[in-house]
1. So N93 clears everything in (1) farther than 15 Å from I348 by Cα; (2) touching a Ser or Thr at 6+ places or on another chain (Cβ under 9 Å) except one condition, right? Which one?
2. Could you list, in sequence order, all residues of the stretch 41-75 that are outside any helix (DSSP H, G or I) and not aliphatic (A, V, I, L, M)?
3. E312 fails exactly one of the following numbered conditions: (1) modelled with pLDDT of 80 or more; (2) surrounded by fewer than 15 Cβ atoms within 10 Å (Cβ to Cβ); (3) charged (D, E, K, R); (4) touching a Pro at 6+ places or on another chain (Cβ under 9 Å). What is the number of that condition?
4. Specify which of the listed residues (R370, R345) is under 30 Å from D141 (Cβ atoms) and modelled with pLDDT of 75 or more.
5. Which pairs have Cβ atoms under 6 Å, sit 6 or more apart or on different chains, and link a residue in the stretch 98-122 that is farther than 30 Å from V150 by Cα to one that is at pLDDT 90 or above and open to solvent by less than 40 Å² (accessible area, probe 1.4 Å)?
6. Can you spot a residue in the stretch 29-49 that is closer than 30 Å to L325 by Cβ, touching a strand residue (DSSP E or B) at 6+ places or on another chain (Cβ under 6 Å) and at pLDDT below 55?
7. Run down N367, N326 and say which single residue is without any contact (Cβ under 8 Å) to a residue 24 or more places away in the chain, within 18 Å of N180 (Cα to Cα) and either touching a Lys or Arg at 6+ places or on another chain (Cβ under 8 Å) or among the polar types (S, T, N, Q) (or both).
Amino acid sequence: MIEILDSTGQPIAKAANPMQLAKKGQKIMMDLVRIQHGIYRRELDHWKTARLERGNTEAPYTHLLQDLYKDVMLDTHLTSAVEKRVLKVTNKNFVIVDEKGVADYERSKMLETKWFHKVVKYVMESIPYEYSLMLFPESMDGTIPEVICVPRDHVNPDRRLVVKQVYDNQGLLFDKFPLNLKFAKLHDGYGLLEKAAPMTILKRHSWASWDEFEQIFGLPIRIAKLGTISDQVKGEVAEWLKTMGTAAYGVFPSFADIEIKESQHKDAFQVFMRKIESVDSQLSILVNGQTMTTSDGSSRSQAEVHERTEEEIEEDDIKNILTWLNDELVPLLRGRGYDIPENMRIGIERITKPEEKIKIDAQLMQNGYRMTKDYIEKTYGVELEETPTPPEPGKDPKKKKDQ
């Protein structure tokens, strides 16, 4: 009889064999108490409290910070910047390569699946969210049907636990299930969103203030001067002004003097706009290291410098995710029965455009190298046949065949 123990050493499930134990562990892990996400407006005090709770060495909890991150990601500019960084890696062509870096396209088909794309996406999301815990469910034939990202509120990375309640101190130790649960954290700290949160909160203040300014000063103020102090008459004229709305006309009694007073604050909105643009610029720098590929640039030379900076960050992300895939995912795949020899690993095909490959292959052939039929068929997705040998001059190939 095999047991699953919690963080205190107490048994929480028993099974007769490892397969049953893994399934019971998955059921316990997925039986979470979902916490309703709050929709109230976050302020800087919430950010400070969440950071203090997450950094508590005696009782660290992640719920408040992860709940804040959900609110932070409502910002459209931040969402665009984060998705851009993630997509730069998920759109790469991952392949199985040998020790020389030569791709095995037949074995690489296992990576051309929806579940593998999700794995790369979830691992990359550990950069803004701090971490990702992925569940690889069991299937009848041993393959991976899907990948599920465990709600981050229910993961305690410091204690290596999956908990049912977000403030539980006991739960399932996910390190005990290396073929079912995989933890990813590509960088130290609490994620990029920890730094983005105060900026998005201040940006939201500017949007609200701008909206209030528009309501007060955006439309001209209409003043009615009456020659009477009758409350009834005042009420009627006020109702007329109210129902007038944005119409360019109105019908009033002759004793009512209507004055339209336009606002003199023509450029005050620049205060809010500049602050919002400044926050967007800082968010772009935080996530992608530059601003010009997510907003307008000023010159080609500056854009090239910014693009190189972004490429450096992309290259670092690729190295980190390849390290994680080969250290964590490949052992899981081998344990699940996938055919990945010990001398092979997951790599990235650097050249994905056929026209670029053709130029390189042509250059190699000019230098005296030959391309094998197998390489050409796998690389370009074509089927090759031998060219028929032309008949010798003066001979009829049909007569030779009849003889």
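1. For N93, the exception is condition (1).
2. Keep residues of the stretch 41-75 that are outside any helix (DSSP H, G or I), which gives 41-43, 55-62, 73-75.
Matches in the stretch 41-75: R41, R42, E43, G55, N56, T57, E58, P60, Y61, T62, D75.
3. The one condition E312 does not meet is (4).
4. One residue alone meets the criteria, R345.
5. Between residues of the stretch 98-122 that are farther than 30 Å from V150 by Cα and residues that are at pLDDT 90 or above and open to solvent by less than 40 Å² (accessible area, probe 1.4 Å), the close pairs are D98/M344; A103/V95; A103/V97; D104/I96.
6. Yes, the stretch 29-49 contains at least one residue that is closer than 30 Å to L325 by Cβ, touching a strand residue (DSSP E or B) at 6+ places or on another chain (Cβ under 6 Å) and at pLDDT below 55.
7. One residue alone meets the criteria, N326.
Per-residue answers, yes or no, for (1) touching a Lys or Arg at 6+ places or on another chain (Cβ under 9 Å); (2) among the hydrophobic types (A, V, I, L, M, F, W, C):
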position	(1), (2)
V97	yes, yes
E106	yes, no
K109	no, no
H117	no, no
P145	no, no
G171	yes, no
L179	yes, yes
H187	no, no
T200	yes, no
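The values are calculated or read from the model by the stated rules, or taken from the named source; none is laboratory data. Since we're looking at a predicted model, the values are computed, not measured. Neighbour counts are summed over all protein chains in view; Cβ atoms, including those assigned to glycine, are modelled from backbone coordinates with ideal geometry. For the accessible areas, the whole protein counts, side chains as well, though only heavy atoms, and no ligand, DNA or RNA atoms are used. Shrake-Rupley method; radii C 1.70, N 1.55, O 1.52, S 1.80 Å.
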